[in-house]
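The values are calculated or read from the model by the stated rules, or taken from the named source; none is laboratory data. Quick caveat, the model's predicted, so the values are computed rather than measured. We place every Cβ from the backbone using ideal geometry, glycine too, and count neighbours over all the protein chains shown. The area values use the complete protein model at the heavy-atom level, side chains included, leaving out ligands, DNA and RNA. Shrake-Rupley method; radii C 1.70, N 1.55, O 1.52, S 1.80 Å.
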Amino acid sequence: MVAYAPVNRLPIIEKFTYFQFRHIAGKVPFTQKEWANMLHLSERTLQRYSRDNSTFEGLYVDRILHIQQLIDMGLETFISAAALYTWLKTDKNVGGHLLNFESLYSSQGIQDVIDEIGRIQYGVYI
């Protein structure tokens with residue numbers, strides 16, 4: 001008989017407000033336009049979220065939390081938000097494809113950047 005450990009699940013986030021987003025966004029010098037592009041929202045919609053302290057829908061929350069993971073790893077690795085931002089803005093050829101700030105506009109790109117930061121942390125970056 002094989003025993004299986006329960007799967008660790010992320011907490012279910014019922015409400016994720018603009019105020020909570022602002023706490024994450026305040027860690028890095030991304031512009032509102034950059035955040036809007038990463039979240040696939042218009043700047044005007046992001047401004048409306050700000051004005052009303054609206055709650056984000058699930059897909060946006062997933063994207064925000066994925067970017068938060070990148071930000072936290074990046075700040076741990078590069079020490080300052082300015083250094084992380086500069087690194088993100090610089091084109092990098094990684095495994096035959098380009099990584100840059102625009103990579104953050106897709107889930108796969110965000111994960112690729114997280115993976116590259118992990119490689120830097122372990123000294124095995126490409």
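Highlighted here are the helices (runs of 4 or more DSSP H) found entirely within the range 37-126 that include at least 3 residues which are in contact with a Ser or Thr (Cβ under 8 Å, 6 or more places away or on another chain) and over 24 Å from Thr17 (Cα atoms): 107-121. Filter the range 103-126 for residues that are free of Cβ contacts under 8 Å to residues at least 24 places away in the same chain and under 14 Å from the mean Cα position of the chain (by Cα); which is most open to solvent (accessible area, probe 1.4 Å)? Per the criteria, the residue is Gln108.
Could you tell me whether the range 81-90 includes any residue that is at pLDDT 95 or above, touching a strand residue (DSSP E or B) at 6+ places or on another chain (Cβ under 8 Å) and not basic (Lys, Arg)? No, because not a single residue in the range 81-90 is at pLDDT 95 or above, touching a strand residue (DSSP E or B) at 6+ places or on another chain (Cβ under 8 Å) and not basic (Lys, Arg).
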